[in-house]
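Take a look at the structure set out below.
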Amino acid sequence: MADERGRRKVRSGIVVSDKMDKTVTVEVVRTFQHTTFKRVVRRRKKYLVHDVENTLKAGDRVRIIETRPLSKRKRWRLLDVIDRAV
């Protein structure tokens, strides 16, 4: 049980909005096979991510990590930037 408590979820996605102060919206796309129809299904989810230095721009590919609640909907923070937008 002690191992489960310290393990935080890590996701990678693309920044879709940077209009807020110290917050960006990251869209994470996951693909999986449908259990009945065996087709590949895509699901998208948006996370509010804490960006302390306000350095992220729309189009950046980032990795985010789960953290304590920082505001009403913000429970993720920036782990690292995979690559910058052109």
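The values are calculated or read from the model by the stated rules, or taken from the named source; none is laboratory data. These figures come from a predicted structure and were not determined experimentally. Ideal geometry is used to build each Cβ from the backbone, glycine not excepted, and the neighbour counts take in all protein chains shown. What goes into the accessible areas is simple: the full protein's heavy atoms, side chains included, and nothing from ligands, DNA or RNA. Shrake-Rupley method; radii C 1.70, N 1.55, O 1.52, S 1.80 Å.
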Fill in: the stretch 32-44, residues that are assigned to a loop (DSSP other than H, G, I, E, B) and among the basic types (Lys, Arg)
38, 39
Worksheet item: Restricting attention to the stretch 45-64, does a residue exist that is open to solvent by less than 70 Å² (accessible area, probe 1.4 Å), modelled with pLDDT of 95 or more, part of a strand (DSSP E or B) and over 14 Å from residue 25 (Cβ atoms)?
Response: no
Fill in: Close pairs (8 angstrom Cβ cut-off, 6 or more residues apart or separate chains): free of Cβ contacts under 8 Å to residues at least 40 places away in the same chain and within 12 Å of residue 13 (Cβ to Cβ) in the stretch 27-44, surrounded by 10 or more Cβ atoms within 10 Å (Cβ to Cβ) and polar (S, T, N, Q) anywhere
28/12
Worksheet item: In the stretch 65-74, which residues are over 16 Å from residue 17 (Cβ atoms), open to solvent by 40 Å² or more (accessible area, probe 1.4 Å) and assigned to a loop (DSSP other than H, G, I, E, B)?
Response: 68, 69, 70, 72
Worksheet item: If you take the residues of the stretch 3-31 that are exposed (fewer than 10 other Cβ atoms within 10 Å of the Cβ) and not in a loop (DSSP other than H, G, I, E, B), which of them is farthest from the chain's Cα centre (by Cα)?
Response: 3
Worksheet item: Do we find a residue being closer than 16 Å to residue 83 by Cα and not hydrophobic (A, V, I, L, M, F, W, C) anywhere in the stretch 31-52?
Response: yes
Worksheet item: Hey, residue 77 hits all of (1) free of Cβ contacts under 8 Å to residues at least 24 places away in the same chain; (2) of a type outside the set (A, V, I, L, M, F, W, C); (3) assigned to a strand (DSSP E or B) but one; which does it fall short on?
Response: (1)
